[in-house]
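Engineer: Structure provided below as structure tokens; questions to follow.
The values are calculated or read from the model by the stated rules, or taken from the named source; none is laboratory data. Keep in mind that this is a model prediction, so the values were computed, not measured. Reconstructed Cβ throughout: ideal geometry from the backbone, glycine too, with neighbour counts over all protein chains shown. In case anyone asks, the SASA skips ligands and DNA or RNA and just uses the protein heavy atoms, side chains included. Shrake-Rupley method; radii C 1.70, N 1.55, O 1.52, S 1.80 Å.
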Amino acid sequence: MNIPNRSILLLILIGICTGDAAAQLVREANTTLNLPAEAPQYNNFTFTDAFPTLSPFEQPVAIVSPPGETNMLFVVQQKGKIIRITDLNGTPQKSTFADLSSRIGISYDQGLLGLAFHPNFQSNRYFYVFYTTSLPRRDRLSRFTAPVDWDGSGTVDLSTEYVLIDQPDDSPNHNGGDLHFGPEDGYLYVPLGDEGEVDDRYENSQNIELNFFSGIIRIDVDKKPGSLEPNPHDDQGTDAVIRDNGIARYSIPPDNPFVGATHYNGIPLTGNVRTEFWATGLRSPWRMGFDPLTGRLFVGDVGENSREEIHLVNKGDNCGWDYLEGTIDRPGAPTPPAGFNPVDPIFEYPHESGSYSVIGGRMYRGESLPQLFGKYIFSEMYDGRVWALTETEEGSGVFTEEVIATESFLVAFGEHPATQEILAADYDEGKIKQLSASGPVSGNLPETLTETGAFSDVASLTPNPGFVAYDTNADLWSDNAEKQRWFSFPDPNDRAGWARDDNWKLPTGAVWIKHFDLRTDYREPGAWKRLETRFIVKTDDGIYGITYKWNEAGTEAFLVPPEGTNETYTITRPDNSTSLQTWSYPSRSQCLQCHTKAGGYALSFNTRQLNRDYTFGNITDNQIAQLELAGYFSNTVEEVTSLPRIVPIDDESQSLHARVRSYFDVNCSYCHRPDGSAPSAWNGLMSDPFVNAEIYNGSISFDNGNTNACFAVPGDPANSVVLHRMAGTAPFQRMPPIGTNLRDEVAEQVISDWIEQELHLYPTYEEWRARQSSDPGGPDEDPDGDGVSNDRERITRTDPNNPEDRLQYTFQAEDNTLSFSYTHLAGLNFDIETSTNLTVWTEWAPTPTSFPATNSPVLKQGPTDNSPARYFRLKVEEP
């Protein structure tokens, strides 16, 4: 009896599935877990004196710290002094850093109003101030140079003043003056009010051809190549821009919104545009700040008669004044032109009894108050209300508000440079205060690992029923620690939504556990120190994270406080040498910083990481296949053999390119992705095309004055900023900024090798196009007529102008056997797909995803079937 081959295959597959089903992962409920469904919540907040041993400050209006500094703070006093606080983490001391009193005019909003340290302050010692002079009144932006002993007792020499802008000002109020360098671009942002008095008396608010009032200007103080010269201008008989031989002392960033503008509010421009403007339509922007995590700019704008406003300011925004006050029409204002297109504030509140001066604040990124993490904290100066704004959806720009404290006469916010806790300047009491929790806590946490109910035997780390051990293809770098992982969906009815490339949809109540051990003596195989056991708990609207620190005996672990902690261990090497290693036990806010919605909450719980074999009891099988069989998914999983996977950084069988892209995905993409929080352009996701990732000669936010620097420069590790970021080469901030204290030198070397040896094989389309002997045209064109588009020729590294140069493969059908042979090119993944209708394609003779380090010959074979027609194609992918 002849049985069609297709039936034979079906019988074989049924047999295989039946065998697996008899020995598979069995899902169990968990009834022992003792963790609250939501994160613990403090019920009250207050402001307490951050430096109770210091004498009061005199009218403090700004709190600033230099980049890279963690143990020093500078307080700006309105009357002209900048006070330095040293030894923040020990016994704080105050001293005078600079005294500009002799140059300051004081009245209403006048005085010394702003301070910003240059991003390269540690090397060039430049800092910038904004102050008003006495009559004739002027608004002045100046640079000074700090003394060599700036961090000790040194005082600034006022003769180092270098004035950039010196603008006449007819009124003593609405001066703005808060200064900040953009964390992403390194440019200086300067807010200015409408010149003062009422109803925009001087008609500055909707004019970008007159002066620098009523907006935020953005300038390049480093005069980088490509930046532009400010337009010449006459303001009250003098140009407010200081020039040397006709050349300004700063430049205009070429991407400023009004560079080349011909219209504003739909009306033709006739004069010399002030291309310095970044945003317009602000009445009295008093205190602003960048979110250090996302780079977004939040501004408080003091209203006139009706509204106080908080704006999330973006490039070119018109914030509405003086046609609008907040979202309402200003009484007596002229009719706006047809082209007027204002951007509403993200929050506004009406003038009520004792409520008429908003103080722009800070996004909370501290460690001790995790329930406030990612909330914007600001206040009303007079009635003392302190709000927290919560974004309803990450990146949506839509916020809800709640009053969390009351504290009058706060006039500025800042951050503690070591902990990022929110500080505020109390103008009345002359104190620097810190936001802290008060009152009871709801949702108490277990104090010991045993009390969590996750393990039936803590000493042996034996999990209770309902927890499943798993592993990943590549570990996040964790300072040489080894890790074990478990997860649980305690309710057996809960399922995850599986996805090939996107984040999995995870059920509320799911729990992930990660345990860390550190080898402390490399001379002894068993010399491991138990460090910590972390939990991530999925809540209704996010996650919370906690960790337990093990005792010296390794018999129990105890809950780490919300702000985290550090401990230093001695590491002994095989040659008997020793070194000290500091291990950071994360704060609960740090858990939120990485385990974001964009990152999928549980960072390693995705297809690329879990697509590998694992031993469950007495069977070894693909983890994803077993999770599906056990009922952990709400939808059907694709054939696991064809699924993508991450590869470890030290897997030498795989190409450098695949290993590096995998490393970026695991270690960076939870922030560096299109929907992530990082204020930079590059994309670490391996699932997104490399040509669009801004990695190859990718743009960077900070180049340290090196115009040749890019994210990764083919053949040039020295100019590749990614390596400087990983190493923390001064003045670059080391990445990642949290979660690690040691450099990953193995990864640094692999990435350096990749830059030198392989990166050039993966150019952007335009770069590849420029390399060809003659221009082949766009990516979808086929100039040599070989049926292969230019973009496919780029991927397969063939000549788009030569029809003979194409990917070679052979196909043969003989004796009921189909045979394909081809050369698997290094660094690419090859699959053969088949279809009966040229519409629906499936993988034929599937093999695991692989991006091999070298070219290798491949022969794939399979039986024929009785289909009337079957088509095949070779699919080629780059990592």
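Engineer: Collect the residues in the range 423-444 that are open to solvent by less than 50 Å² (accessible area, probe 1.4 Å), outside any strand (DSSP E or B) and modelled with pLDDT under 95, keeping them in residue-number order.
Structural biologist: The one that is open to solvent by less than 50 Å² (accessible area, probe 1.4 Å), outside any strand (DSSP E or B) and modelled with pLDDT under 95: GLY443.
Engineer: Return only the number of the condition from (1) assigned to a helix (DSSP H, G or I); (2) open to solvent by 40 Å² or more (accessible area, probe 1.4 Å); (3) closer than 21 Å to PHE830 by Cα that GLU638 does not satisfy.
Structural biologist: (1)
Engineer: When both residues are 6+ apart or on different chains and their Cβ atoms are under 7 Å apart, which pairs have a first residue that lies in the range 558-580 and is over 21 Å from SER368 (Cα atoms), and a second that is open to solvent by less than 90 Å² (accessible area, probe 1.4 Å) and among the aromatic types (Phe, Trp, Tyr)?
Structural biologist: TYR569/TRP583; THR572/TYR522; ARG573/TYR522; PRO574/TYR522
Engineer: Further, regarding this structure: Search the range 705-729 for residues that are assigned by the TED database to the domain that holds TRP477 and pair each with any residue that is at pLDDT 95 or above and open to solvent by less than 50 Å² (accessible area, probe 1.4 Å) when their beta-carbon atoms are under 9 Å apart and the residues are at least 6 apart or on different chains.
Structural biologist: So the pair list comes out empty.
Engineer: Take ASP200 and tell me if it is more than 18 Å from GLU325 (Cβ to Cβ) and more than 35 Å from the chain's Cα centre (by Cα).
Structural biologist: So ASP200 fails the test.
Engineer: For ALA405, all conditions in the list (1) farther than 22 Å from ASP383 by Cβ; (2) outside any loop (DSSP other than H, G, I, E, B); (3) open to solvent by less than 50 Å² (accessible area, probe 1.4 Å) hold save one; what is the number of the exception?
Structural biologist: (1)
Engineer: Still on this structure, I have one more. Look through the range 535-576, keep the residues that are charged (D, E, K, R) and in a loop (DSSP other than H, G, I, E, B), and return whichever of them is farthest from ALA510 (Cα to Cα).
Structural biologist: ASP575
Engineer: Only residues that are in contact with a helix residue (DSSP H, G or I) (Cβ under 7 Å, 6 or more places away or on another chain) and either assigned to a strand (DSSP E or B) or open to solvent by 30 Å² or more (accessible area, probe 1.4 Å) (or both): list them for the range 445-472, please.
Structural biologist: TYR470
Engineer: May I ask you to verify whether PRO490 is touching a residue at least 24 places away in the same chain (Cβ under 8 Å), out of contact with any Leu (no Cβ under 9 Å at 6 or more places or on another chain), assigned to a loop (DSSP other than H, G, I, E, B) and surrounded by 15 or more Cβ atoms within 10 Å (Cβ to Cβ)?
Structural biologist: When the stated conditions are applied, PRO490 does not pass them.
Engineer: Still on this model: Do any residues in the range 339-357 that are without any contact (Cβ under 8 Å) to a residue 60 or more places away in the chain and at positive phi have Cβ atoms under 9 Å from those of residues that are part of a strand (DSSP E or B) and open to solvent by less than 30 Å² (accessible area, probe 1.4 Å), where the two are at least six apart or on different chains, and which pairs are they?
Structural biologist: Listed pairs, sorted by first residue: GLY354/GLU380.
Engineer: If I ask for residues that are within 23 Å of PRO60 (Cα to Cα), under 30 Å from the mean Cα position of the chain (by Cα) and crowded, with 24+ Cβ neighbours inside 10 Å, which ones from the range 117-135 would you list?
Structural biologist: Residues satisfying the conditions are PHE127, VAL129, PHE130.
Engineer: On to the next question. Taking PRO644 as the residue in question, decide whether it is in contact (Cβ under 8 Å) with a residue 60 or more places away in the chain, part of a loop (DSSP other than H, G, I, E, B) and open to solvent by less than 20 Å² (accessible area, probe 1.4 Å).
Structural biologist: yes
Engineer: I've got another one for you. Pairs under 8 Å by beta carbon, first residue of a type in the set (Ser, Thr, Tyr) in the range 734-763, partner assigned to a loop (DSSP other than H, G, I, E, B), six or more apart or different chains?
Structural biologist: Close Cβ pairs (under 8 Å, with a partner that is assigned to a loop (DSSP other than H, G, I, E, B)) amount to THR740/TRP477; THR740/SER478; THR740/ASP479; TYR762/GLY827; TYR762/GLU878.
Engineer: Could I ask something else about it? Out of GLN206, GLN167, which single residue is more than 21 Å from PHE290 (Cα to Cα) and open to solvent by less than 10 Å² (accessible area, probe 1.4 Å)?
Structural biologist: Exactly one residue qualifies, and that residue is GLN167.
Engineer: Which pairs do you get when a residue that is free of Cβ contacts under 8 Å to residues at least 60 places away in the same chain, found in the range 449-467, comes within reach of a residue that is in a loop (DSSP other than H, G, I, E, B) and open to solvent by 40 Å² or more (accessible area, probe 1.4 Å), reach meaning Cβ atoms under 6 angstrom, with the pair 6+ apart or on two chains?
Structural biologist: none
Engineer: Also, I was wondering about something else. Could you tell me which of the residues TYR614, TYR601 is in contact (Cβ under 8 Å) with a residue 12 or more places away in the chain, farther than 19 Å from PHE516 by Cβ and assigned to a strand (DSSP E or B)?
Structural biologist: Just one listed residue meets the conditions, TYR614.
Engineer: Given the conditions (1) over 28 Å from GLY439 (Cβ atoms); (2) hydrophobic (A, V, I, L, M, F, W, C); (3) at pLDDT 95 or above, report the number of the one that ILE63 does not fulfil.
Structural biologist: The failed condition is (1).
Engineer: Let me ask you something else. Among the residues of the range 718-773, which ones are surrounded by fewer than 19 Cβ atoms within 10 Å (Cβ to Cβ) and charged (D, E, K, R)?
Structural biologist: ARG734, ARG743, GLU745, GLU748, ASP753, GLU756, GLU766, GLU767, ARG769, ARG771
Engineer: From GLN623, GLN609, GLN581, grab the single residue that is at pLDDT 95 or above, over 24 Å from PHE489 (Cα atoms) and either in contact with a Leu (Cβ under 9 Å, 6 or more places away or on another chain) or among the polar types (S, T, N, Q) (or both).
Structural biologist: GLN581
To keep it simple, each residue is scored yes or no on (1) touching a residue at least 12 places away in the same chain (Cβ under 8 Å); (2) open to solvent by less than 10 Å² (accessible area, probe 1.4 Å); (3) on the phi < 0 side of the Ramachandran plot; (4) among the hydroxyl-bearing types (Ser, Thr, Tyr).
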| site | (1), (2), (3), (4) |
| --- | --- |
| GLY193 | yes, yes, yes, no |
| GLY196 | yes, yes, no, no |
| ASP239 | no, no, yes, no |
| PRO254 | yes, no, yes, no |
| PRO268 | no, no, yes, no |
| GLY271 | yes, no, yes, no |
| ARG274 | yes, yes, yes, no |
| THR280 | yes, yes, yes, yes |
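Engineer: Count, please, the residues in the range 36-82 that happen to be outside any strand (DSSP E or B) and open to solvent by 60 Å² or more (accessible area, probe 1.4 Å).
Structural biologist: The number of residues fulfilling the criteria is 10.
Engineer: Can you name every residue in the range 684-721 that is touching a helix residue (DSSP H, G or I) at 6+ places or on another chain (Cβ under 8 Å), within 23 Å of ARG771 (Cβ to Cβ) and of a type in the set (A, V, I, L, M, F, W, C)?
Structural biologist: Listed by number, the residues that qualify are PHE690, VAL691, ILE695, ALA709, CYS710, PHE711, ALA712, VAL713.
Engineer: In addition: LEU100 - would you say it is closer than 28 Å to GLU421 by Cβ and aliphatic (A, V, I, L, M)?
Structural biologist: no
Engineer: If CYS591 satisfies all but one of (1) hydrophobic (A, V, I, L, M, F, W, C); (2) surrounded by 21 or more Cβ atoms within 10 Å (Cβ to Cβ); (3) in a strand (DSSP E or B), what's the number of the condition it fails?
Structural biologist: Going through the list (1) hydrophobic (A, V, I, L, M, F, W, C); (2) surrounded by 21 or more Cβ atoms within 10 Å (Cβ to Cβ); (3) in a strand (DSSP E or B), CYS591 breaks only (3).
Engineer: When the range 672-699 is examined, which residues are found to be more than 19 Å from ALA709 (Cβ to Cβ), open to solvent by 20 Å² or more (accessible area, probe 1.4 Å) and assigned to a loop (DSSP other than H, G, I, E, B)?
Structural biologist: ARG673, PRO674, ASP675, GLY676, LEU685, SER687, ASP688, PRO689
Engineer: Against the definition (modelled with pLDDT of 95 or more, open to solvent by 80 Å² or more (accessible area, probe 1.4 Å) and in contact with a helix residue (DSSP H, G or I) (Cβ under 6 Å, 6 or more places away or on another chain)), how does GLU781 come out, yes or no?
Structural biologist: Spelling it out, GLU781 is indeed modelled with pLDDT of 95 or more, open to solvent by 80 Å² or more (accessible area, probe 1.4 Å) and in contact with a helix residue (DSSP H, G or I) (Cβ under 6 Å, 6 or more places away or on another chain).
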